[in-house]
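The values are calculated or read from the model by the stated rules, or taken from the named source; none is laboratory data. Since the model is a prediction, treat every value here as computed from it, not as a measurement. Positions of Cβ are backbone-derived with ideal geometry, glycine not excepted, and every protein chain shown enters the neighbour counts. Heavy atoms of the whole protein, side chains included, go into the accessibility calculation; ligands, DNA and RNA do not. Shrake-Rupley method; radii C 1.70, N 1.55, O 1.52, S 1.80 Å.
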Amino acid sequence: MSDTNQQTMLEQLGGISGLIYSTLPVLVFVPVNSLWGLTVAIWSALGVALAVLVWRLIQRTPIQPAISGFFGVALCAFIAHRTGDAKGYFLFGIYASLVYGGAFLLSVLVRRPLVGVIWGMLNGQGSRWRSHPTAVRAYDVATLAWTLVFLGRYLVQNHLYDEDRTGWLAVARIGMGWPLTALALLVTLWAVRRADRIVEPAPADTADDAPADDPAADDGLSNELRDEHGAHDGQPRLPGQHRLRD
(Lines give C-alpha, C1' and ligand atoms only; values in the text may rest on other atoms or scores of the structure.)
Protein backbone atom coordinates (compact mmCIF):
# COMPACT_ATOMS: atom_id res chain seq x y z
CA MET A 1 0.00 0.00 0.00
CA SER A 2 1.40 3.39 -0.96
CA ASP A 3 1.96 6.30 1.39
CA THR A 4 -0.72 8.22 -0.51
CA ASN A 5 -3.30 5.52 0.23
CA GLN A 6 -2.32 5.50 3.91
CA GLN A 7 -2.76 9.28 4.00
CA THR A 8 -6.17 8.92 2.36
CA MET A 9 -7.29 6.56 5.09
CA LEU A 10 -6.05 8.87 7.85
CA GLU A 11 -7.82 11.82 6.24
CA GLN A 12 -11.17 10.03 6.58
CA LEU A 13 -10.70 10.36 10.34
CA GLY A 14 -9.31 13.88 10.21
CA GLY A 15 -5.73 12.79 10.78
CA ILE A 16 -4.09 12.27 14.16
CA SER A 17 -4.82 15.87 15.17
CA GLY A 18 -8.47 15.40 14.23
CA LEU A 19 -8.77 12.40 16.54
CA ILE A 20 -7.31 14.45 19.40
CA TYR A 21 -9.42 17.54 18.65
CA SER A 22 -12.56 15.40 18.86
CA THR A 23 -12.00 14.96 22.62
CA LEU A 24 -11.80 18.68 23.41
CA PRO A 25 -15.57 19.40 23.59
CA VAL A 26 -16.01 16.55 26.10
CA LEU A 27 -13.06 17.79 28.18
CA VAL A 28 -14.78 21.17 28.42
CA PHE A 29 -18.38 19.99 28.79
CA VAL A 30 -18.10 17.91 31.96
CA PRO A 31 -16.15 20.30 34.25
CA VAL A 32 -18.12 23.34 33.05
CA ASN A 33 -21.37 21.48 33.77
CA SER A 34 -20.15 20.75 37.30
CA LEU A 35 -19.19 24.38 37.94
CA TRP A 36 -21.77 26.45 36.08
CA GLY A 37 -24.56 24.15 34.98
CA LEU A 38 -25.86 22.45 31.86
CA THR A 39 -26.65 25.50 29.73
CA VAL A 40 -23.18 27.00 30.06
CA ALA A 41 -21.65 23.57 29.43
CA ILE A 42 -23.64 23.15 26.21
CA TRP A 43 -22.55 26.53 24.84
CA SER A 44 -18.97 25.89 25.90
CA ALA A 45 -18.83 22.58 24.05
CA LEU A 46 -20.31 24.19 20.94
CA GLY A 47 -17.80 27.02 21.20
CA VAL A 48 -14.87 24.62 21.37
CA ALA A 49 -16.14 22.63 18.37
CA LEU A 50 -16.53 25.87 16.40
CA ALA A 51 -13.03 26.97 17.42
CA VAL A 52 -11.60 23.68 16.13
CA LEU A 53 -13.38 24.22 12.81
CA VAL A 54 -12.04 27.77 12.48
CA TRP A 55 -8.53 26.63 13.42
CA ARG A 56 -8.52 23.98 10.69
CA LEU A 57 -9.73 26.60 8.22
CA ILE A 58 -6.82 28.86 9.18
CA GLN A 59 -4.36 25.98 8.83
CA ARG A 60 -5.85 25.03 5.45
CA THR A 61 -6.22 21.42 6.53
CA PRO A 62 -9.17 19.19 5.47
CA ILE A 63 -12.24 20.57 7.22
CA GLN A 64 -14.79 17.86 6.49
CA PRO A 65 -13.99 15.94 9.72
CA ALA A 66 -14.21 19.21 11.69
CA ILE A 67 -17.58 20.03 10.11
CA SER A 68 -18.87 16.56 10.94
CA GLY A 69 -17.48 16.95 14.47
CA PHE A 70 -19.22 20.29 14.94
CA PHE A 71 -22.61 18.91 13.91
CA GLY A 72 -22.00 15.86 16.09
CA VAL A 73 -21.37 18.09 19.11
CA ALA A 74 -24.44 20.15 18.22
CA LEU A 75 -26.59 17.00 18.13
CA CYS A 76 -25.21 15.78 21.46
CA ALA A 77 -25.80 19.21 22.99
CA PHE A 78 -29.38 19.23 21.68
CA ILE A 79 -30.08 15.83 23.24
CA ALA A 80 -28.62 17.00 26.56
CA HIS A 81 -30.82 20.10 26.41
CA ARG A 82 -33.93 18.07 25.63
CA THR A 83 -33.30 15.51 28.37
CA GLY A 84 -32.29 18.22 30.85
CA ASP A 85 -29.41 16.05 32.03
CA ALA A 86 -25.70 16.29 31.30
CA LYS A 87 -25.45 12.54 30.68
CA GLY A 88 -27.77 13.01 27.71
CA TYR A 89 -24.78 14.53 25.91
CA PHE A 90 -23.34 11.00 25.60
CA LEU A 91 -26.54 9.26 24.52
CA PHE A 92 -26.09 9.68 20.76
CA GLY A 93 -22.52 8.32 20.86
CA ILE A 94 -23.62 5.31 22.89
CA TYR A 95 -26.28 4.18 20.44
CA ALA A 96 -24.19 5.15 17.41
CA SER A 97 -21.54 2.73 18.68
CA LEU A 98 -24.18 0.00 18.93
CA VAL A 99 -25.33 0.61 15.35
CA TYR A 100 -21.79 0.72 13.95
CA GLY A 101 -20.75 -2.38 15.87
CA GLY A 102 -23.78 -4.28 14.63
CA ALA A 103 -23.17 -3.21 11.03
CA PHE A 104 -19.50 -4.26 11.11
CA LEU A 105 -20.35 -7.61 12.70
CA LEU A 106 -23.15 -8.28 10.22
CA SER A 107 -20.84 -7.51 7.29
CA VAL A 108 -18.46 -10.25 8.46
CA LEU A 109 -21.30 -12.75 8.86
CA VAL A 110 -22.51 -12.15 5.29
CA ARG A 111 -18.92 -12.34 3.95
CA ARG A 112 -18.79 -8.67 2.97
CA PRO A 113 -16.40 -7.24 5.61
CA LEU A 114 -16.88 -3.48 5.65
CA VAL A 115 -13.17 -2.68 5.83
CA GLY A 116 -12.70 -4.43 2.48
CA VAL A 117 -15.74 -2.74 0.96
CA ILE A 118 -14.61 0.72 2.08
CA TRP A 119 -10.99 0.19 1.08
CA GLY A 120 -12.03 -1.19 -2.30
CA MET A 121 -13.88 2.06 -2.99
CA LEU A 122 -10.96 4.20 -1.80
CA ASN A 123 -8.21 2.54 -3.85
CA GLY A 124 -10.23 1.67 -6.95
CA GLN A 125 -10.01 -2.13 -6.58
CA GLY A 126 -13.76 -2.47 -6.23
CA SER A 127 -14.76 -5.96 -5.12
CA ARG A 128 -11.92 -7.90 -6.80
CA TRP A 129 -10.51 -8.74 -3.36
CA ARG A 130 -13.52 -11.03 -2.75
CA SER A 131 -12.06 -13.63 -5.14
CA HIS A 132 -9.02 -14.03 -2.86
CA PRO A 133 -9.83 -15.94 0.37
CA THR A 134 -6.66 -14.72 2.12
CA ALA A 135 -7.59 -11.10 1.43
CA VAL A 136 -11.12 -11.71 2.68
CA ARG A 137 -9.76 -13.20 5.92
CA ALA A 138 -7.49 -10.19 6.43
CA TYR A 139 -10.42 -7.82 5.99
CA ASP A 140 -12.47 -10.01 8.36
CA VAL A 141 -9.83 -9.51 11.08
CA ALA A 142 -9.78 -5.73 10.59
CA THR A 143 -13.57 -5.52 10.53
CA LEU A 144 -13.84 -7.57 13.72
CA ALA A 145 -11.33 -5.21 15.36
CA TRP A 146 -13.66 -2.28 14.66
CA THR A 147 -16.59 -4.40 15.86
CA LEU A 148 -14.89 -4.92 19.22
CA VAL A 149 -14.14 -1.20 19.51
CA PHE A 150 -17.71 -0.12 18.82
CA LEU A 151 -19.46 -2.80 20.88
CA GLY A 152 -16.98 -2.30 23.73
CA ARG A 153 -17.79 1.39 23.76
CA TYR A 154 -21.50 0.66 23.83
CA LEU A 155 -21.37 -1.88 26.67
CA VAL A 156 -19.14 0.21 28.95
CA GLN A 157 -20.72 3.58 28.32
CA ASN A 158 -24.29 2.31 28.40
CA HIS A 159 -23.59 0.82 31.83
CA LEU A 160 -22.15 4.11 33.07
CA TYR A 161 -25.16 5.96 31.62
CA ASP A 162 -27.58 3.73 33.49
CA GLU A 163 -25.57 4.30 36.68
CA ASP A 164 -25.65 8.11 36.24
CA ARG A 165 -21.85 8.31 36.19
CA THR A 166 -21.49 11.40 34.02
CA GLY A 167 -17.87 12.05 34.99
CA TRP A 168 -16.86 8.47 34.24
CA LEU A 169 -18.78 8.68 30.99
CA ALA A 170 -16.42 11.46 29.93
CA VAL A 171 -13.41 9.36 30.96
CA ALA A 172 -14.75 6.38 29.01
CA ARG A 173 -15.53 8.52 25.96
CA ILE A 174 -11.96 9.80 25.84
CA GLY A 175 -10.20 6.59 26.88
CA MET A 176 -12.22 4.49 24.42
CA GLY A 177 -12.10 7.17 21.74
CA TRP A 178 -8.97 7.94 19.74
CA PRO A 179 -6.67 5.45 21.58
CA LEU A 180 -8.86 2.50 20.56
CA THR A 181 -9.42 4.06 17.15
CA ALA A 182 -5.65 4.20 16.68
CA LEU A 183 -5.31 0.50 17.59
CA ALA A 184 -8.10 -0.50 15.20
CA LEU A 185 -6.49 1.62 12.51
CA LEU A 186 -3.19 -0.24 12.95
CA VAL A 187 -4.99 -3.55 12.44
CA THR A 188 -6.68 -2.06 9.38
CA LEU A 189 -3.35 -0.95 7.92
CA TRP A 190 -1.98 -4.47 8.41
CA ALA A 191 -5.04 -5.94 6.69
CA VAL A 192 -4.98 -3.66 3.65
CA ARG A 193 -1.22 -4.14 3.21
CA ARG A 194 -1.69 -7.90 3.24
CA ALA A 195 -4.67 -7.78 0.90
CA ASP A 196 -3.02 -5.36 -1.54
CA ARG A 197 -0.08 -7.75 -1.92
CA ILE A 198 -2.50 -10.50 -2.91
CA VAL A 199 -4.92 -8.62 -5.14
CA GLU A 200 -3.24 -7.72 -8.39
CA PRO A 201 -3.71 -4.16 -9.65
CA ALA A 202 -6.22 -3.59 -12.41
CA PRO A 203 -4.64 -4.10 -15.85
CA ALA A 204 -3.74 -0.89 -17.65
CA ASP A 205 -5.81 0.14 -20.61
CA THR A 206 -3.68 -0.77 -23.63
CA ALA A 207 -6.38 -0.45 -26.28
CA ASP A 208 -4.40 2.25 -28.11
CA ASP A 209 -1.19 0.20 -28.22
CA ALA A 210 -0.94 -2.45 -30.92
CA PRO A 211 0.37 -5.78 -29.55
CA ALA A 212 3.75 -6.91 -30.78
CA ASP A 213 2.29 -10.16 -32.14
CA ASP A 214 -0.83 -8.61 -33.71
CA PRO A 215 -1.79 -10.81 -36.69
CA ALA A 216 -3.22 -7.78 -38.51
CA ALA A 217 0.08 -5.95 -38.21
CA ASP A 218 2.00 -9.02 -39.44
CA ASP A 219 -0.40 -9.43 -42.36
CA GLY A 220 0.04 -5.78 -43.36
CA LEU A 221 3.80 -6.15 -43.27
CA SER A 222 3.66 -9.35 -45.30
CA ASN A 223 1.47 -7.72 -47.95
CA GLU A 224 3.89 -4.82 -48.20
CA LEU A 225 6.82 -7.18 -48.65
CA ARG A 226 4.96 -9.28 -51.21
CA ASP A 227 4.00 -6.18 -53.13
CA GLU A 228 7.58 -4.87 -53.00
CA HIS A 229 9.13 -8.10 -54.31
CA GLY A 230 6.41 -9.10 -56.75
CA ALA A 231 5.07 -12.06 -54.87
CA HIS A 232 1.59 -11.40 -56.22
CA ASP A 233 2.40 -12.23 -59.84
CA GLY A 234 5.52 -14.28 -59.41
CA GLN A 235 7.71 -11.63 -61.04
CA PRO A 236 10.61 -10.30 -58.96
CA ARG A 237 11.14 -6.56 -59.04
CA LEU A 238 14.01 -4.27 -58.39
CA PRO A 239 13.82 -2.11 -55.27
CA GLY A 240 11.62 0.91 -55.89
CA GLN A 241 9.86 -0.67 -58.89
CA HIS A 242 6.07 -0.88 -58.49
CA ARG A 243 3.59 -3.29 -59.94
CA LEU A 244 1.74 -1.97 -62.96
CA ARG A 245 -2.01 -1.87 -62.49
CA ASP A 246 -4.67 -1.96 -65.14
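The modelled label-to-label distance between residue 134 and residue 198, using points 7 Å beyond Cα along the C-beta direction, is 0.7 nm.
Solvent-accessible surface of the range 86-199, averaged per residue with a 1.4 angstrom probe and all protein chains in place: 49 square angstrom. Taking only protein heavy atoms and a 1.4 Å probe, the accessible area of the range 86-199 is 68% carbon and sulfur. The trypsin sites (Lys or Arg not before Pro) of the range 48-103 that DSSP puts in a loop, and whose beta carbon has at most 14 other beta carbons within 10 Å, are 60.
The gain in end-to-end length when the residue 95 to residue 50 segment is fully stretched comes to 13.8 nm, 0.36 nm per residue minus the alpha carbon separation. On a per residue basis, the range 15-82 carries 58 Å² of accessible surface, using protein heavy atoms and a 1.4 Å probe. Loop-resident trypsin sites (Lys or Arg not before Pro) (DSSP state other than H, G, I, E or B) in the range 96-168 with no more than 11 further Cβ atoms inside 10 Å of their Cβ: 111.
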